[in-house]
Amino acid sequence: MNRIIYITNLILLFGLVGMANADIHPEAGPLGTTVTISGGNFGAFQSTQSNRVDFNGASALVQQWEDDFIMVKVPMKAKTGEVTVTNGNSKVSVGSFSVQNIEITKVEPPVAEAGSTLIIYGKNFGNTAGSRDQNTMFGVNQVLVNGIRAQVQKWRSNKIEIAIPANSGSGKVEVRLASSDPLPDGSCCAPVDYIVSNAIPLTVVPSISLQPDHGPLGSKVVLSGQDFGSSRPEDGAVLIGGERAGIAEWSNRTIVVHVPLNAKSGPVVLTSQGQTREVGHFQLEKSEITSMMPEHGPIGTLITIKGKHFGILSEGGSTAYAFDFETGANGVDVGGVPAIIHRWLDNQIDVWVPFSAKSGEVVVKRGGAIPKADGTCCVTEKVVKYVAGEFHVVQPHVTSYSPTSAGLDEVVTIKGSGFGKYLRFNAESTKLSMHHHGHNWENYRLGSDISRSEVLLNGLGTQVISWTDEEIKVRVPRRQAFGVTNPEGIDFSLLKGELIVKRGSWDLLENGKCCTPKKWVSALAGPFTILKRGLPNEETFKLERSPD
């Protein structure tokens, strides 16, 4: 009997010696830290009552127990001191643990918009936020902004990044570490409790949107928010890349500015009533031209200019949108004459060669200015020019046509040069002025609904079969053979006349708006006679009555 007791005590002694050689990692940290104890002969796990780990007398929740490895959570009631492991009747000290308080040292930025990212600096936050499942039986580490839980983006021991809740408002920022404590019998889990850090104040300001955040000089930039004031305060200013922008509009919810000539890429800073706030970043883009085609053609030719960073055409006004149709100095010149804008995109501009165009450079223009100290216009105004290439204006010229007389529906071939491309769509609907009036719900007269590329035969339009720069084929129309009505009656004398090739275009008005009435250049081919050939048979017009 004594021998059995001796052997049992010897086994326990060797087990305790092994446990005494255990290693704790880490040896310091905040409450809730996951701690591993390894290297000892801890024995097999029997029950939550028999197998325990205590931090200076406070029982920890055992998450894993192996013969040589134990994982636990530092309990909420833990104090700095001895760590003991108990297995049945055996209890031994395996080291010590130093409890560290969580602390916030600063938040950046101290003034921020709802929804923006806030960085919290400090120490002893722990290595992870833990589970994000609110229904878990374990506690979830949290960051509160004015009492509202924030979404955690990154969590490190000394730095946490969160998204400021939209409904938080100004208030204090706190980090809360959740407990994972056992019940008195060692099983999971006691009601969740939190250890709370010190509080750091945060001012949450209304959000301000910045649109667009990139563009060329002269771009209209709109700041949208609230409480700007009904008019610009005495110190009101917007700086783009450190340079003052021209202020076109200042209202309680909207500020409209234009990127100045001397702007650089950089932060957009709003100053108002003694406060300065960075509201975004603007990337200044330089307009570049990569190609232009065609390089020659008659008036009315559509020139396509490709490149990048052309911006928006109508951004010279003071409204928060482009439909004020104020182009300012933006535009395109052909041989020094303003062209008619058909389409203006950031990477492509299409213009019609105007009626008065001369051969010369095709120049893309963007207007800009340097404002006065109060943001009004202007210390300097300038038009920045970008040369796209040379365009040669040619005159339509007919060298021959055949036949000189033909019947109805027969084909006439016209040869020459400078005919340009045939324009397949309605000319009037491409004028910008139509869109301007339509947006304002104003009546607009379309004018002559005829193409700017046409062939007239004895004063009336023909059906175009094909059209190239050097050859046109048209079909002899039928109307002349049957007469054309007019206020004075019916004109039956249209079988003889002239064959004419015409090109049409407009000019801008003196105020830069679109457009003068359409004007034409003509190339006379020569006389032409429509033969009474191909007319319907007279029998076609007789009505045959049914015998019934």
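All of the numbers you see were taken from the coordinates with simple rules; none came from a lab. Just so it is clear, the model here is predicted, and its values are computed rather than measured. FYI the Cβ positions are ideal-geometry reconstructions off the backbone, even for glycines, and counts take in every protein chain you see.
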* **the stretch 156-296: radius of gyration and largest Cα-Cα distance (Dmax), Å** => 24.1, 94
* Structure fact -> Kirkwood-based Rg/Rh on the Cα set of the stretch 210-394 evaluates to 1.05
* Which GluC sites (Glu not before Pro) does the stretch 205-298 hold that lie in a coil by DSSP with at most 13 other beta carbons within 10 Å? -> 234, 295
* Given 91/123; 286/372; 286/502; 220/518; 365/519, the pairs whose alpha carbons are separated by over 29 Å -> 91/123; 286/502; 220/518
* Asked: How are the C-alpha pair distances of the stretch 232-336 spread across 5 Å bins, as whole percents from the shortest bin up?
  -> 2, 10, 16, 19, 18, 12, 8, 6, 5, 3, 1, 0
* To do: Output the antiparallel fraction of DSSP beta bridges having both residues in the stretch 210-394, as a percent to the nearest 5.
  => 95
* Asked: If packing is taken as the mean number of other Cβ atoms within 10 Å per residue, what is the order of 25-32, 149-156, highest first?
  -> 25-32, 149-156
